[in-house]
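For reference, the structure is listed below as structure tokens.
The values are calculated or read from the model by the stated rules, or taken from the named source; none is laboratory data. The model shown is predicted, which means the values in this text are computed figures rather than measured ones. Neighbour counts run over all protein chains shown; Cβ positions are idealised from the backbone, glycine included. Areas reflect the complete protein model, heavy atoms only, side chains present, ligands, DNA and RNA absent. Shrake-Rupley method; radii C 1.70, N 1.55, O 1.52, S 1.80 Å.
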Amino acid sequence: MKLQVLVLVLLMSWFGVLSWVQAEFFTSIGHMTDLIYAEKDLVQSLKEYILVEEAKLAKIKSWASKMEALTSRSAADPEGYLAHPVNAYKLVKRLNTDWPALGDLVLQDASAGFVANLSVQRQFFPTDEDESGAARALMRLQDTYKLDPDTISRGELPGTKYQAMLSVDDCFGLGRSAYNEGDYYHTVLWMEQVLKQLDAGEEATVTKSLVLDYLSYAVFQLGDLHRAVELTRRLLSLDPSHERAGGNLRYFERLLEEERGKSLSNQTDAGLATQENLYERPTDYLPERDVYESLCRGEGVKLTPRRQKKLFCRYHHGNRVPQLLIAPFKEEDEWDSPHIVRYYDVMSDEEIERIKEIAKPKLARATVRDPKTGVLTVASYRVSKSSWLEEDDDPVVARVNRRMQHITGLTVKTAELLQVANYGMGGQYEPHFDFSRSDDEDAFKRLGTGNRVATFLNYMSDVEAGGATVFPDLGAAIWPKKGTAVFWYNLLRSGEGDYRTRHAACPVLVGCKWVSNKWFHERGQEFLRPCGTTEVD
């Protein structure tokens, strides 16, 4: 009992550390690593419970074997057996004392410690929001990188270190999550995968009739009446008493009759359906979706040979800054206009690990400014967690800030704090501007330092697949490389925003992406980056 209490206290302490990250685990792989250790503790607690149960069961089995042997002898000659006074005494004793003691042993609840541990840990488990967010992340990766459900189910992703596969029930969970959010396109894809794996003989708790129930209604919502009728009939052949399916079938058949009566027959290929039972992905709010996702896949990059000839590598001494004269940085052109450069060996592994260590306890879901209300809020198009580090937090922060100042030749006095971000499952930040536009002129008003003139982005990890920084209007894609940094100006020398710098962080397909960035503001840069003479300078 003392051991159970001690374990419980230790778990309370451990999960007290985790309490600040409750919910939205899916938005940060860094925070999800804590769940690995939580699950490991839970497994250890379960094994301890099993050992206690096995020891108890061993005692009961030993007692049963002993009693079986004894009763087989005594029942063969009851009077002769009881003629011996010791046997008579022991029979009375067994029935009065030993059997009730065995009953107490059987009734002992060895699960109390495990249940207590589980109850404590469940307070810090992922929520329904995390599960639906993780499901959306898988579907986002599926769409962005054009992965079919079978590829994801088999876990055949580039750069993966560990094998991972989705069971039938896992696939069903994804389909049901999409269905609950009214996403019938992904519902169909994943319910079809469930049927495929069931037909292949995989074991599952979900039934084929339940899958057909979801699938038939989803294809109906996508405008495929013929297939909705076909699937509903298959459902009724498996479960003739399914009331909803019977009602749906009559409704679908009536709609088909009405369509046949129309003079303009469209074969019910309305909307998204095609003859091959494939369905087009619905369009959404992002006009450059196709360009953005193509760049994420490494397609459509407009780095022509002519443009590539304009890109060079050099040693950068930051306008002859004394510190960089001794140890200049390697600088590489990533794009010519607007000029985007990459610097190498900007942060050491030790500095990166220290900054991650400081930032992790402060990580919170990254927010965006609502253009209508001006209030900061979370959004599905930005999936990551971030924290802001001050120079007083640790000497390494001050050292990195000074280094960025030396490299850029801009002052950090009016810059924002160092932002550290960790991307979660399918973590992304869809196309956006770093500077404020005319419709959001008050975005940085409270800072009193003007607009964001430049962005300095540090890559603090390698990413096995995905996670590129892309510029849809340019057709440029920049891939993360640990220890490097990219830099560009968001404003022209005239102070006008450079709309070509609209950029995005592609979803992380495989890996854990950490970045930090510094946004330099206009004030204080007047003599460091003088204004141009024309509007387009």
task = Please verify whether region 68-86 includes one or more residues that are open to solvent by less than 40 Å² (accessible area, probe 1.4 Å), modelled with pLDDT under 90 and among the hydrophobic types (A, V, I, L, M, F, W, C).
result = no
Yes/no for G182 being part of a loop (DSSP other than H, G, I, E, B), modelled with pLDDT of 95 or more and within 30 Å of R254 (Cα to Cα) = yes
request  = Give me the pairs, please: first residue somewhere in region 413-437 and assigned by the TED database to the domain that holds L447 and crowded, with 19+ Cβ neighbours inside 10 Å, second residue anywhere and part of a loop (DSSP other than H, G, I, E, B) and of a type in the set (G, A, S), beta-carbon distance under 8 Å, and either six or more positions apart or on two chains.
outcome  = A421/A366; N422/S28; Y423/S28; Y423/G467; G424/S28; G427/S28; G427/G467; Y429/A366
note = Listed by first then second residue, the pairs whose first member lies in region 202-213 and is over 8 Å from V168 (Cα atoms), whose partner is open to solvent by 40 Å² or more (accessible area, probe 1.4 Å) and in a loop (DSSP other than H, G, I, E, B), with beta carbons under 8 Å and at least 6 positions apart or on separate chains, are S209/D239
query = Looking at region 497-536, which of the residues that are open to solvent by 60 Å² or more (accessible area, probe 1.4 Å) and among the acidic types (D, E) is nearest to E416 (Cα to Cα)?
reply = E526
ask   = For region 332-357, what are the residues that are assigned to a loop (DSSP other than H, G, I, E, B) and touching an Asp or Glu at 6+ places or on another chain (Cβ under 6 Å)?
value = P338
request  = Output the number of residues of region 93-116 satisfying the condition of being surrounded by fewer than 10 Cβ atoms within 10 Å (Cβ to Cβ) and among the hydrophobic types (A, V, I, L, M, F, W, C).
outcome  = 1
ask   = Looking only at residues in region 445-461 that are under 30 Å from the mean Cα position of the chain (by Cα) and either of a type in the set (D, E) or open to solvent by 20 Å² or more (accessible area, probe 1.4 Å) (or both), which one is nearest to A505 (Cα to Cα)?
value = L457
remark   = For region 206-239, the count of residues that are β-branched (V, I, T) and either farther than 19 Å from L166 by Cα or modelled with pLDDT under 95 (or both) equals 3
ask   = Has region 339-352 got at least one residue that is without any contact (Cβ under 8 Å) to a residue 12 or more places away in the chain and closer than 28 Å to S387 by Cα?
value = yes
inquiry  = Of all residues being touching a strand residue (DSSP E or B) at 6+ places or on another chain (Cβ under 8 Å) and either buried (at least 17 other Cβ atoms within 10 Å of the Cβ) or not in a strand (DSSP E or B) (or both) in region 319-331, which is modelled with the lowest pLDDT? Just the residue, please.
reply    = L324
inquiry  = Which condition from (1) of a type in the set (S, T, N, Q); (2) modelled with pLDDT under 90; (3) open to solvent by less than 60 Å² (accessible area, probe 1.4 Å) is the one that Q4 breaks?
reply    = (3)
message = Filter region 289-309 down to the residues that are under 23 Å from Y343 (Cβ atoms) and either exposed (fewer than 11 other Cβ atoms within 10 Å of the Cβ) or among the hydroxyl-bearing types (S, T, Y) (or both) and list them by number.
response = Q308, K309
task = Among the residues of region 107-128, count how many are of a type outside the set (A, V, I, L, M, F, W, C) and touching a helix residue (DSSP H, G or I) at 6+ places or on another chain (Cβ under 8 Å).
result = 7
ask   = Is there a residue in region 176-184 that is over 22 Å from G466 (Cα atoms), among the hydrophobic types (A, V, I, L, M, F, W, C) and in contact with a helix residue (DSSP H, G or I) (Cβ under 9 Å, 6 or more places away or on another chain)?
value = yes
message = Residues that are assigned to a helix (DSSP H, G or I), surrounded by 17 or more Cβ atoms within 10 Å (Cβ to Cβ), within 37 Å of the chain's Cα centre (by Cα) and at pLDDT 90 or above: does region 249-262 have at least one?
response = no
request  = Please go through region 381-393 and pick out each residue that is open to solvent by less than 20 Å² (accessible area, probe 1.4 Å) and of a type in the set (D, E, K, R).
outcome  = K385
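Residue-wise test of (1) touching a residue at least 12 places away in the same chain (Cβ under 8 Å); (2) under 37 Å from the mean Cα position of the chain (by Cα); (3) under 30 Å from R140 (Cβ atoms).
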| site | (1), (2), (3) |
| --- | --- |
| L295 | yes, yes, yes |
| R307 | yes, yes, no |
| C313 | yes, yes, no |
| H316 | yes, no, no |
| N319 | yes, no, no |
| E332 | yes, yes, no |
inquiry  = Can you report the number of residues in region 153-192 which are β-branched (V, I, T) and either surrounded by fewer than 23 Cβ atoms within 10 Å (Cβ to Cβ) or not assigned by the TED database to the domain that holds V206 (or both)?
reply    = 2
ask   = Which ones in region 394-412 are assigned to a loop (DSSP other than H, G, I, E, B) and either hydroxyl-bearing (S, T, Y) or surrounded by 20 or more Cβ atoms within 10 Å (Cβ to Cβ) (or both)?
value = L410, T411, V412
